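**Student:** Okay, handing you the structure first.
The values are calculated or read from the model by the stated rules, or taken from the named source; none is laboratory data. These figures come from a predicted structure and were not determined experimentally. With ideal geometry, Cβ positions are generated from the backbone for all residues, glycine too; neighbour counts draw on all protein chains shown. With ligands, DNA and RNA removed, areas are computed over all heavy atoms of the protein, side chains included. Shrake-Rupley method; radii C 1.70, N 1.55, O 1.52, S 1.80 Å.
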Amino acid sequence: MKLGFIGLGKMGENMVLNLLSKKHKPVVYDISKSQIKKLSRRGAIPAYSLQEVVEKLSSPRIIWLMIPAGKPVDEAIAGIVPHLEKGDIFIDGGNSYFKDSIKRHDSLKKCGVRYLDCGTSGGITGARNGACMMVGGEKEIFKKTEKLFKDMCVKDGYGYMGESGAGHFVKMVHNGIEYGMMGALAEGMNAIKKSKFKSDLKEVTKVYAHGSIIESRLTTWMQEGMKRPYFSKISGSVPKGETEGEMENLEKLAPMKVLEQARKLRVKSRASPSLIGKLIAVMRNEFGGHKFKKK
C-alpha cells in the first residue's frame with residue numbers, strides 16, 4: 001500500500017521501517033531533511049513539502065500523521081487539505097486529545113475528507129517490530145485501512161474502539177494506567193532501597209522481570225535502564241511530558257486516584273529529586289527515548 005507518512009521522529013522513523021519491511025510504500029516528509037534522506041536510503045519515497053506528499057499519492061490517498069499533539073497536527077492538516085480530494089483519509093497516530101480529534105473529524109468530513117484517530121503504544125521497539133493501536137472513527141474507513149494496522153501491530157494488537165475520538169480516548173486511559181504502573185514500580189524500588197536489607201536493585205528487577213506476577217515490559221525496561229552507562233548520571237526528576245496535561249483532564253472525567261497520585265509524584269520530583277523520579281525517568285527513556293535531566 002502506498003501512503004503518505006508525516007513525522008519521522010523516534011516513533012515515526014521506526015514505523016516507516018516497519019511499513020517498509022511489510023512491502024508498503026511510504027512517501028515520507030519531516031521538517032528535518034536529513035531524516036527524509038535517511039529513510040529514502042532505506043527505500044521510502046522522499047517528499048520535501050506537504051504538497052509533494054499529496055502529489056506522489058493517487059486518490060483515495062491515505063496520510064498518516066505521527067507528529068506532536070495540538071497545533072502541529074492542525075498546521076499539518078491545514079497545509080495538506082487544499083491539495084486533497086473527496087475520499088482521502090487522514091490517520092492521526094499521535095497523542096492528540098480526543099476532543100480535538102472529534103473536532104477534526106467533523107470539520108474534515110464536511111469537505112469529504114475522512115479522519116481516523118489512532119492511539120499508538122509499544123514504544124520505539126514496538127513501532128519497529130509490532131505496535132499496539134487503538135482506532136476511532138467511522139468503521140467503514142477503519143475497514144478500508146485495516147491492513148495497515150494489522151501489518152504494523154503484533155497479533156491481536158489493534159482494534160476498532162468506536163466512533164470518532166474513541167481511539168485517542170482509550171489511549172489516554174492507557175497512558176493513565178501506565179502512569180500508575182510506573183509510579184508503583186518506582187515506589188517499590190524506593191521502599192527496598194530504604195529497607196534495612198539494602199538488596200541490589202538490579203538483582204531485584206531481574207527477578208521481578210522473569211516470572212513474577214508483576215513481570216511486564218515496564219519492569220524489563222527498568223531493569224535494562226539500570227544497566228545503562230547513563231543511569232549513574234541521571235537526575236532524580238521527571239521532565240514534564242506531552243501527556244501530562246491530558247492526565248489532569250482525565251482525572252476530571254473519571255475517578256482515577258492512582259493516576260492522580262502518580263502524576264503528583266512526577267511533579268514533586270521536579271522540586272525534590274528522588275530515586276522514584278529517577279526510575280520513572282529511566283523507564284520513559286527506555287521505552288520512548290524521552291529526554292531526561294542529568295545531575
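**Student:** Tell me, yes or no, whether region 254-275 has at least one residue that is polar (S, T, N, Q), assigned to a helix (DSSP H, G or I) and within 20 Å of the chain's Cα centre (by Cα). Outline the logic, then answer.
**Tutor:** First pass over region 254-275, keeping only residues polar (S, T, N, Q): 261, 269, 272, 274.
Pick out the ones that are also assigned to a helix (DSSP H, G or I) and you get 261, 269.
Adding the requirement that they be within 20 Å of the chain's Cα centre (by Cα) leaves none.
Scanning region 254-275, I find no residue that is polar (S, T, N, Q), assigned to a helix (DSSP H, G or I) and within 20 Å of the chain's Cα centre (by Cα), so the answer is no.
**Student:** Quick one: in region 105-125, which of the residues that are part of a helix (DSSP H, G or I) and under 10 Å from the mean Cα position of the chain (by Cα) is surrounded by the most Cβ atoms within 10 Å (Cβ to Cβ)?
**Tutor:** Just the residues of region 105-125 that are part of a helix (DSSP H, G or I), to begin with: 105-109, 123-125.
Within this subset, residues satisfying the condition of being under 10 Å from the mean Cα position of the chain (by Cα) are 123-124.
Numbers: GLY123: 23, ILE124: 18.
Among them, the one singled out is GLY123.
**Student:** Of all residues in region 206-251, count the ones that are of a type in the set (Ser, Thr, Tyr), within 30 Å of SER96 (Cα to Cα) and part of a loop (DSSP other than H, G, I, E, B). I'd like the intermediate steps shown before the answer.
**Tutor:** Narrowing region 206-251 to residues of a type in the set (Ser, Thr, Tyr): 208, 212, 216, 219-220, 230, 232, 235, 237, 243.
From what's left, within 30 Å of SER96 (Cα to Cα): 216, 219-220, 235, 237, 243.
Now narrow it down to the ones that are part of a loop (DSSP other than H, G, I, E, B): 216, 235, 237, 243.
The total comes to 4.
**Student:** How about region 133-174: which of its residues are assigned to a helix (DSSP H, G or I), closer than 20 Å to LEU19 by Cβ and out of contact with any helix residue (DSSP H, G or I) (no Cβ under 9 Å at 6 or more places or on another chain)?
**Tutor:** ILE141, LYS143, LYS144, THR145, GLU146, LYS147, LYS150
**Student:** Look at region 251-289 and say how many of its residues are hydrophobic (A, V, I, L, M, F, W, C) and open to solvent by less than 30 Å² (accessible area, probe 1.4 Å).
**Tutor:** Going residue by residue through region 251-289, those that are hydrophobic (A, V, I, L, M, F, W, C) are 253-254, 256, 258-259, 262, 265, 267, 271, 275-276, 279-283, 287.
Of the ones still in play, those that are also open to solvent by less than 30 Å² (accessible area, probe 1.4 Å) are 259, 262, 276, 279-283, 287.
Result for region 251-289: 9.
**Student:** Sticking with this one: Considering only region 205-228, state which residues are of a type in the set (Ser, Thr, Tyr) and either more than 13 Å from GLU178 (Cβ to Cβ) or open to solvent by less than 20 Å² (accessible area, probe 1.4 Å) (or both). Steps first, answer last, please.
**Tutor:** Step one: filter region 205-228 for residues of a type in the set (Ser, Thr, Tyr), giving 205, 208, 212, 216, 219-220.
Listed by number, the residues that qualify are THR205, TYR208, SER212, THR219, THR220.
**Student:** Another one. Taking only region 211-226 into account, find how many residues are more than 17 Å from the chain's Cα centre (by Cα), in contact (Cβ under 8 Å) with a residue 24 or more places away in the chain and over 21 Å from PRO273 (Cβ atoms). Reasoning before the result, please.
**Tutor:** First, the residues of region 211-226 that are more than 17 Å from the chain's Cα centre (by Cα): 211-216, 219-220, 222-226.
Then keep just the ones that are in contact (Cβ under 8 Å) with a residue 24 or more places away in the chain; that gives 214, 216, 219, 222, 224-226.
Now narrow it down to the ones that are over 21 Å from PRO273 (Cβ atoms): 214, 216, 219, 224.
Summing the residues that are more than 17 Å from the chain's Cα centre (by Cα), in contact (Cβ under 8 Å) with a residue 24 or more places away in the chain and over 21 Å from PRO273 (Cβ atoms) in region 211-226 gives 4.
**Student:** Take region 229-239 and flag every residue that is in contact (Cβ under 8 Å) with a residue 24 or more places away in the chain and either open to solvent by less than 20 Å² (accessible area, probe 1.4 Å) or not aromatic (Phe, Trp, Tyr) (or both).
**Tutor:** LYS233, ILE234, SER235, GLY236, SER237, VAL238, PRO239
**Student:** Condition check: open to solvent by 20 Å² or more (accessible area, probe 1.4 Å), under 23 Å from ILE89 (Cα atoms) and of a type in the set (Ser, Thr, Tyr). Does TYR160 satisfy that?
**Tutor:** Yes.
**Student:** Another question, then. Being open to solvent by 30 Å² or more (accessible area, probe 1.4 Å) and β-branched (Val, Ile, Thr) is the filter here; which residues of region 68-104 pass it?
**Tutor:** VAL81, ILE102
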